[in-house]
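First the structure, in the form of structure tokens, and then the observations on it.
The values are calculated or read from the model by the stated rules, or taken from the named source; none is laboratory data. Just so it is clear, the model here is predicted, and its values are computed rather than measured. Cβ placement follows ideal geometry from the backbone for every residue including glycine, while neighbour counts extend to all protein chains displayed.
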Amino acid sequence: MARVYGAIEGGGTKFVCAVATGPHDIIARVRLDTRTPGVTIPDAIAFIREASRGYDLAAIGVACFGPIELDKGAADYGSVTTTVKPGWAHTPIVAPLREAFGVPVGFDTDVNGAALGEVRWGAAQGCDPAVYLTVGTGIGGGVIVNGTPLHGLMHPEVGHLPIPRLQMADGRLDDFPGVCAYHGGGCFEGLASGPAVGARAGRPAEEVPDDDPLWELEAGYLAVGLATIVCTLSPRRIVVGGGVMHRGNVLHRTRERLRDVLAGYVGRPEIMVPNGEYVVAPHFGQDAGLVGALALAQAAERGAR
Ligand code: ZN
């Protein structure tokens with residue numbers, strides 16, 4: 001029987017589930033709306049059970065929205081912890097999967113998973129440390145060090161880095177109140193996520209024209225966030241995904257602004273060369289999280305051997 005892996009990208013609005021042999025051989029996939037845990041988790045289990053019929057299911061990986069408990073010694077290891085997502089706080093994710101399938105379950109943040117997938121098979125191959133950042137409904141960052149997702153006190157929470165206010169196009173200091181439920185406009189996500197762009201513009205971010213000066217402000221905030229990451233983690237490459245990066249030439253502008261923020265102090269050629277390959281788009285695009293879950297499944301299998 002062919003060996004396959006279950007992959008679950010657990011997000012706040014959707015759960016994307018797949019059964020695959022590898023990143024380029026997805027046998028079946030499904031998109032489930034994120035409803036309550038009592039509905040969505042059994043639906044994900046039923047899909048994997050059905051799609052893996054006739055195969056040898058070796059392991060499952062879950063790249064999950066957070067915060068999550070990653071301390072294997074903790075009673076609630078493998079759970080979502082303090083999320084603001086209604087119904088999902090303190091929800092076990094790993095336990096029901098282990099119970100249903102009896103195989104190793106890899107579990108990490110959606111962004112740590114995506115980072116691992118991009119390092120193994122995508123845009124950050126050969127780069128260690130590497131960072132994956134997503135800028136969309138929220139902002140999140142995953143970090144790979146020595147080939148492994150970085151865990152510690154918990155896991156990196158790049159989206160909630162405190163970020164200083166920037167000047168807007170008209171020279172005034174940005175006084176936008178922010179959109180973070182915890183920090184208002186005091187953090188990266190509060191100032192620069194897709195909903196922040198939308199709230200500034202008074203319409204959804206998708207409807208803000210590419211030539212709106214808001215995108216330049218956005219690139220400025222992204223550059224400050226990236227500079228903080230460069231100075232603390234010294235990544236060899238930063239992969240940046242998420243819907244906001246497709247708008248207003250934001251990726252290119254962010255690279256330029258990053259050089260300005262670092263001001264030549266971190267003057268490595270990888271960063272200094274215009275349109276260089278230091279800040280790049282994910283190889284797997286929208287599938288970065290799902291491929292990350294697959295990488296977590298394979299890592300769990302290796303760890304269990
Ligand atoms: Zn925040």
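Observations, loosely collected:
- Criterion (without any contact (Cβ under 8 Å) to a residue 60 or more places away in the chain, out of contact with any helix residue (DSSP H, G or I) (no Cβ under 8 Å at 6 or more places or on another chain) and crowded, with 22+ Cβ neighbours inside 10 Å) met by exactly one of 19, 39, 4: 4
- The single condition among (1) outside any strand (DSSP E or B); (2) in contact with a Pro (Cβ under 9 Å, 6 or more places away or on another chain); (3) buried (at least 21 other Cβ atoms within 10 Å of the Cβ) that residue 76 does not meet is (3).
- Residues of region 206-249 that turn out to be free of Cβ contacts under 8 Å to residues at least 60 places away in the same chain, more than 15 Å from residue 169 (Cβ to Cβ) and part of a helix (DSSP H, G or I), as a count: 8
- Residues (touching a strand residue (DSSP E or B) at 6+ places or on another chain (Cβ under 9 Å) and either surrounded by fewer than 21 Cβ atoms within 10 Å (Cβ to Cβ) or more than 17 Å from residue 130 (Cα to Cα) (or both)) located in region 231-241: 233, 236
- Filter result (within 16 Å of the ligand (Cβ to nearest atom) and either surrounded by fewer than 18 Cβ atoms within 10 Å (Cβ to Cβ) or farther than 15 Å from residue 242 by Cα (or both)) within region 196-220: 199
Residue-by-condition table, conditions (1) farther than 30 Å from residue 3 by Cα; (2) in contact with a Lys or Arg (Cβ under 8 Å, 6 or more places away or on another chain):
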position: 208; (1), (2): yes, yes
position: 227; (1), (2): yes, no
position: 233; (1), (2): yes, no
position: 237; (1), (2): yes, no
position: 286; (1), (2): no, no
position: 294; (1), (2): no, no
position: 300; (1), (2): no, no
position: 305; (1), (2): no, no
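- Selection status of residue 121, among the aromatic types (Phe, Trp, Tyr), surrounded by fewer than 19 Cβ atoms within 10 Å (Cβ to Cβ), at pLDDT 95 or above and within 21 Å of the chain's Cα centre (by Cα): yes
- Residue within region 183-195 that is surrounded by 18 or more Cβ atoms within 10 Å (Cβ to Cβ), within 16 Å of the ligand (Cβ to nearest atom) and among the aliphatic types (A, V, I, L, M) present: yes
- Taking (1) touching a Lys or Arg at 6+ places or on another chain (Cβ under 7 Å); (2) without any contact (Cβ under 8 Å) to a residue 24 or more places away in the chain in turn, residue 278 satisfies each apart from (2).
- Count of residues meeting criterion [closer than 21 Å to residue 229 by Cα, small (Gly, Ala, Ser) and more than 14 Å from the ligand (Cβ to nearest atom)] in region 129-182: 5
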